[in-house]
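Presented below is the structure to which this report refers.
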Amino acid sequence: MEKEYSVHGILWNQQMPEGPEGRERLESETWKLKDIVEFLRDVYVGRIAYEFMHSPSKSERIWFTHLLESAGPPVADATERETKRRMWELLARSETFDHFLQAKFPNLKRYGLEGAESMLPALDTLFQTSANAGISSIILCMPHRGRLSLLTDLLQFSPTALFHKIKGGNEVPEGIGATGDVISHLASSPSLTYGDKQVKVSLLQNPSHLEAVNPVALGKTRAKQYSMIRDSSPDCALGDRVMCVQLHGDAAFAGQGVVMETLGLKLTPSAPGNLPHYTTGGSIHIVVNNNIGYTTPASGARSSFYCSDIGKMVNAPVLHVNGDYPEDVARAVNIAFAYRNFFRKDIIIDLMCYRQWGHNELDEPSYTSPKMYKLIRSRPSVPKMFEEKLINEGTLSAEDAKSQRGAYKSQLESCLQAVESYSPPPVQHSKQWKNVAWPASTQANGNPETGVESMTLTKVGKASVEVPENFFKLSLNYVERLTNLYLLRSVILYEIHSRTFLVTLDNMHATECHYTGL
């Protein structure tokens with residue numbers, strides 16, 4: 001007879017029953033070793049991989065094991081029918097949009113989402129879950145990859161306004177003195193409705209240096225939270241109403257110093273995970289991991305095994321999820337939000353996906369990564385794979401899929417035709433920005449009360465642009481001395497190389513110092 005073992009205190013295989021009899025029954029439960037192994041494999045070995053055992057917090061480790069094991073292994077096709085269709089619509093619209101841009105603007109650097117389309121269901125799930133939990137505002141920052149798809153699909157940015165911008169137009173009205181920005185830095189701040197809940201999502205303008213926007217997003221999140229706390233109930237805390245969501249690229253997340261600097265704002269020895277005066281109540285990080293940075297494969301881009309390993313410096317848990325399966329991506333997002341909401345700390349989702357084209361659509365990636373792109377181009381797209389799954393299970397029909405894709409393409413065509421008569425709407429400020437005026441406009445106060453005497457300001461202004469006396473003379477002397485130094489080094493090195501004049505390094509240094517007067 002095969003030996004059985006008590007699983008009490010080992011597995012969270014069920015919820016804690018109520019009453020002494022229920023607890024006694026739970027404590028006496030025994031399993032065979034093969035059943036224990038099978039259960040753990042079903043829970044932990046799948047399309048989501050969990051990293052949390054590096055956490056020094058016992059309560060966090062137990063929280064994860066309880067959450068995952070008490071829920072049991074993921075149930076196939078547990079996602080509701082309407083949720084699946086919503087996921088497919090986001091995927092299909094993203095693919096249709098990218099194909100449309102490629103056909104109409106073949107020379108455009110659009111940094112498409114193809115291969116990583118699961119980013120959209122991930123964000124949609126996160127927005128909905130956050131709204132249902134009472135979050136009223138989300139501050140979102142991201143790099144260029146997939147930005148246009150997110151803007152026009154989830155964030156209600158007008159495709160006509162985008163096409164107007166692509167064709168050389170401006171995103172702001174003429175006559176206000178603004179020059180605008182490139183399309184991969186555009187932003188939007190819509191209020192999204194999920195059932196009877198609303199959440200305002202503010203996507204920040206992004207600088208070209210990818211992750212440089214991260215601390216800006218944290219600053220805006222904290223400021224917005226404090227403004228809301230003043231008008232909320234006394235028990236409202238940081239993270240209750242506002243949340244920061246940061247999207248990253250895998251190469252930039254591991255490679256840019258501002259990522260480590262921003263994560264460092266979370267850590268303090270007295271309270272690991274939250275730094276006073278900087279914490280925002282926990283951010284959710286989604287790394288859109290297409291396993292390549294520009295042309296550099298992951299093996300040549302970092303020393304760590306995973307791009308997300310940098311998050312371990314603040315003991316952040318990591319959920320690695322296969323981007324080919326949107327339902328598992330949504331499950332990972334829900335787990336991440338549950339952790340963030342409970343502990344008010346950062347957590348990372350490593351969205352494992354791929355990049356269909358080069359760094360931009362004008363590059364040919366197979367020159368530098370031929371094996372990878374041979375595999376990528378031999379497989380169906382993520383939207384097509386999910387569409388085929390839904391058709392096979394009866395959630396979606398092939399005719400309906402074709403019809404909806406065609407309808408969205410026709411909508412984009414209409415938006416493109418509307419560009420000829422389009423003009424950017426006037427800038428509308430609201431709430432605390434209501435009385436803000438453009439400095440060059442007639443509404444601006446040309447002589448504001450600053451609290452500083454005008455003569456003092458004039459003196460400071462002049463000093464900031466005034467060239468010091470003898471500045472150019474001193475600069476020319478320095479350049480001349482520096483030039484002489486390099487000329488001398490060239491002569492000595494030449495003599496050494498030709499073996500006609502030997503000099504030790506110490507003598508050479510002394511000669512330089514003597515010659516230049518240093």
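The values are calculated or read from the model by the stated rules, or taken from the named source; none is laboratory data. Quick caveat, the model's predicted, so the values are computed rather than measured. So basically every Cβ, Gly included, is an ideal-geometry build from the backbone, and we count neighbours across all protein chains shown. For accessibility, only protein heavy atoms count, side chains too; no ligands or nucleic acids. Shrake-Rupley method; radii C 1.70, N 1.55, O 1.52, S 1.80 Å.
Of the residues making up the range 403-415, just one is closer than 16 Å to M87 by Cα and out of contact with any helix residue (DSSP H, G or I) (no Cβ under 6 Å at 6 or more places or on another chain), namely Q404. Only residues that are hydrophobic (A, V, I, L, M, F, W, C), in contact (Cβ under 8 Å) with a residue 40 or more places away in the chain and in a loop (DSSP other than H, G, I, E, B) were counted in the range 139-175, giving 4. Taking the numbered list (1) open to solvent by 60 Å² or more (accessible area, probe 1.4 Å); (2) modelled with pLDDT of 95 or more; (3) under 26 Å from A92 (Cβ atoms) in turn, K200 passes all entries but (3).
Given the options A116, A131, name the one that is buried (at least 19 other Cβ atoms within 10 Å of the Cβ), touching a strand residue (DSSP E or B) at 6+ places or on another chain (Cβ under 6 Å), among the aliphatic types (A, V, I, L, M) and outside any helix (DSSP H, G or I). Only one candidate qualifies: A116.
None of I376, I391 is more than 30 Å from L263 (Cβ to Cβ), among the β-branched types (V, I, T), open to solvent by less than 80 Å² (accessible area, probe 1.4 Å) and more than 28 Å from the chain's Cα centre (by Cα) except I391. The set of residues in the range 407-427 being modelled with pLDDT of 95 or more and open to solvent by 80 Å² or more (accessible area, probe 1.4 Å) consists of K409, Q411, Q417. The single condition from (1) out of contact with any helix residue (DSSP H, G or I) (no Cβ under 8 Å at 6 or more places or on another chain); (2) not in a loop (DSSP other than H, G, I, E, B) that A178 fails is (2). The single residue among A316, A338, A301 that is under 16 Å from L247 (Cα atoms) and not basic (K, R) turns out to be A316. Applying the criterion of being open to solvent by less than 10 Å² (accessible area, probe 1.4 Å) and hydrophobic (A, V, I, L, M, F, W, C) to the residues of the range 230-248, the residue that is farthest from N291 (Cα to Cα) is V242.
Name the one entry in L154, L148, L123, L140 that is in contact with a Pro (Cβ under 9 Å, 6 or more places away or on another chain) and either closer than 19 Å to V329 by Cβ or not small (G, A, S) (or both). The unique qualifying residue is L154. Taken together, S441, S464, S430 contain a single residue that is exposed (fewer than 11 other Cβ atoms within 10 Å of the Cβ), small (G, A, S) and under 30 Å from S149 (Cβ atoms), which is S430. Selection of the range 286-317 for residues being part of a strand (DSSP E or B) and surrounded by 24 or more Cβ atoms within 10 Å (Cβ to Cβ) yields I286, V287, V288, N289.
Evaluated against (1) touching a His at 6+ places or on another chain (Cβ under 7 Å); (2) open to solvent by 40 Å² or more (accessible area, probe 1.4 Å); (3) closer than 25 Å to S55 by Cβ, G255 falls short on exactly one condition, (1). Screening the range 32-77 for residues that are in a loop (DSSP other than H, G, I, E, B) and open to solvent by less than 70 Å² (accessible area, probe 1.4 Å) and picking the one that is farthest from C353 (Cα to Cα) gives S57.
Of all residues in the range 177-190, those being surrounded by 13 or more Cβ atoms within 10 Å (Cβ to Cβ) and farther than 25 Å from G115 by Cα number 5. In the range 371-385, the residues that are within 16 Å of G112 (Cα to Cα) and assigned to a helix (DSSP H, G or I) never reach a residue that is open to solvent by 70 Å² or more (accessible area, probe 1.4 Å) and among the hydroxyl-bearing types (S, T, Y) with C-beta atoms less than 8 angstrom apart, at least six apart or across chains.
Under the condition of being in a loop (DSSP other than H, G, I, E, B) and open to solvent by 50 Å² or more (accessible area, probe 1.4 Å), the residues counted in the range 327-367 number 5.
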